[in-house]
Structure formats: structure tokens, C-alpha cells
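> Before anything else, here's the structure in question.
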Amino acid sequence: MTSSRLFLSLFVLLPLFFYAQQKTPFVIYDYDKDLDYKKELLVLKKADKNNTTITTLNSIADLSYYYKDWETAISYYEKVIVENPTAENYFKLGVAAARKSLEVSRFFSVPYVVKAKKSVLNAYRLNSNNPKYLKLLIKLFAEIPSFLGGNKEFAQKKADELFVIDPIQGLIIQGYLNDINNYTAAAKSKYELAFELLESNYQSFETFFKENDRDLIFEIGSVVAKHGISVDLGVAALKFYANSYDFMDNYPLATVYYNLSRIYFGQRDLNSSREYLARALELNPKFQFALDFQKKHQL
């Protein structure tokens, strides 16, 4: 393929990868303004310059990952992996690359997308029974265009594997795959089965939330907001997420409140819907989805 045709293909096909970016934006942190982070990073880099050790490299990688400085995290996890190629290190490299791909222009995101896919695939190969690795692997292969290595059939196959390991998460990811293909009825059916299984296997919603990762809790709330099913579960998930929100969370608190507003609107509880929509816009006055929702429904 000529360079001009490749360039054209990038702009035609890249939007297929940005479903997650458009629908569920992640938290972006301005780490350059965090003096504590800059000081700690400088100290560690000086130590690395004087005497490079795997411990120092790992400390820099983990510190920059924590503060969402994805470029630095990518650079140092690549160094760490040379000495310590564990599944978790490959996974963190993949996460850093995937998150960085969403913070740059679509054209410049390509190398990060490729790196993310390869890294998470390596994490999966080293530990194929980890639901966290499988979920990200499925999402990457489902969303990125085929000429960059995406493969929806592969994603579906891995979703079936996840179902065997963790039926609740497996059903949710199967619903997600149907959602991104606009098979709304099929998606809703998978989510309903997942939520029925959750309710029948856990004494309370909070028990489930405490035993599972926070991204999954947010995803459940988002599904309920979109499809209008299992309202009590969705409200409980989003309120749990909001009430225990901290720096390491991946999704903005404004989005949590926006989703609560949508759920309450669907239940015709307009006072609660207005309340949570106001909270979302107080945190992010330029939150376009929330502004559009407010205008459309005159809240």
C-alpha cells in the first residue's frame, strides 16, 4: 500500500477505534502541575542515573502510572519488562499505551494502539485466567480496526473464555460486544442474565462491589443508565462508586452523576435527575453530554 493510501485509510478507519473515547471518557490528570509528583519523579530519575536498578525503574514506572503520566510510564515499563517480563508489567504497559492513545490526535494514536494490543496480548499469554487482562484484550481487539490487528471474532472467542472463568463478567462483556455492534436487544438480554446471576449469587450488591474491581462497578451503572434495566442495581453501583471515589479511579465523577441523572429520569424522578445533573455540571460545566441531556429534557 502506498503511503498516501495508508494515510487515507488511517483517517477513514481510525474512528472505529474510538467508541470508548466518545462514550466513556477517562479521567485525565494534569500531572505537570503536581509539584509533589515532579519532585518525587526527579529524585527517582537522579537515582536511576547514578545507579540503574530494576527497583528504581519499577518505582518510576509505577509512580508515573499512578499519576497518569502515560508517556513516562510507557518508557519505564518497557525497560522493566526487559528484566522482569511479568503479566502484570505487560498489562500496565498496555493500559498506559491505550490511555495515551486516547489523549493524542487520532493519527498519532496508531503506535500507542499497536503497543497496547501487543502488550495486553502478552499479559494474557502469561496469565490467561485473569479476568482483568481478558477484558482489556477483548475491548482492544473488538474496537481497533483490522488493519491494526483488531479481530472481532477473536474478541468473541475470548469473551466466551471469560464467561467460563467468570460468568457474570463474561455475560457483561458479551453484552458490550453486542452494544458496540448496535445489537441492542441482544446486548440487553446478556446484561439482564448477568444481573440476574449477580443477584442470585451475592447476599447484597455491596458484597459484590467490594469483591470486584471498580471499573466493573462503573460499567454496571453505565449499562443500567443506557438500557433502563435493574435500576436498583445501577443506582447502588453508581452511588457506591461515587461515595468511595478516589484518585486512582479511571472514570470522572461527573460522568457517574450524569449516569445517575439518566437513571432517575428514566424512572420519572425528575427532582433526583435534576440534582445529579447539577452535580455533574458543577464538576464539569463543559460536559457536553450532560448539557445536551439538560437541554433536551429541560432539566
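> Can you report the number of residues in segment 266-286 which are crowded, with 21+ Cβ neighbours inside 10 Å and farther than 20 Å from Phe205 by Cβ?
So the count comes out to 3.
> Additional query: Looking only at helices (runs of 4 or more DSSP H) that fall completely inside segment 165-238, which ones have 2 or more residues that are among the polar types (S, T, N, Q) and within 21 Å of the chain's Cα centre (by Cα)?
Correct list: 167-180.
> Could you check segment 101-117 and list, in sequence order, the residues that are surrounded by fewer than 19 Cβ atoms within 10 Å (Cβ to Cβ) and of a type in the set (D, E, K, R)?
Glu103, Arg106, listed by residue number.
> Which condition from (1) modelled with pLDDT under 95; (2) within 25 Å of Val120 (Cβ to Cβ); (3) surrounded by fewer than 16 Cβ atoms within 10 Å (Cβ to Cβ); (4) of a type outside the set (D, E, K, R) is the one that Phe7 breaks?
It fails just one condition, (2).
> Considering only residues that are more than 19 Å from Thr86 (Cα to Cα), in a helix (DSSP H, G or I) and touching a residue at least 40 places away in the same chain (Cβ under 8 Å), which ones fall in segment 58-73?
none
Yes/no per residue for (1) within 24 Å of the chain's Cα centre (by Cα); (2) of a type in the set (A, V, I, L, M, F, W, C); (3) part of a helix (DSSP H, G or I):
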{"residue": "Asp246", "(1), (2), (3)": "yes, no, no"}
{"residue": "Arg262", "(1), (2), (3)": "yes, no, yes"}
{"residue": "Phe265", "(1), (2), (3)": "no, yes, yes"}
{"residue": "Glu275", "(1), (2), (3)": "no, no, yes"}
{"residue": "Leu281", "(1), (2), (3)": "yes, yes, yes"}
{"residue": "Ala290", "(1), (2), (3)": "yes, yes, yes"}
{"residue": "Lys296", "(1), (2), (3)": "no, no, yes"}
{"residue": "Leu299", "(1), (2), (3)": "no, yes, no"}
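> Right, here's the next one. Looking at (1) surrounded by 14 or more Cβ atoms within 10 Å (Cβ to Cβ); (2) of a type in the set (Asp, Glu); (3) modelled with pLDDT of 95 or more, which is the one condition that is false for Asp36?
If we test Asp36 against (1) surrounded by 14 or more Cβ atoms within 10 Å (Cβ to Cβ); (2) of a type in the set (Asp, Glu); (3) modelled with pLDDT of 95 or more, just (1) comes out false.
The values are calculated or read from the model by the stated rules, or taken from the named source; none is laboratory data. As the structure is a computational prediction, the values presented were derived from the model and not from experiment. Because the Cβ atoms are built from the backbone with ideal geometry, glycine has one as well, and the counts that use them run over all protein chains shown.
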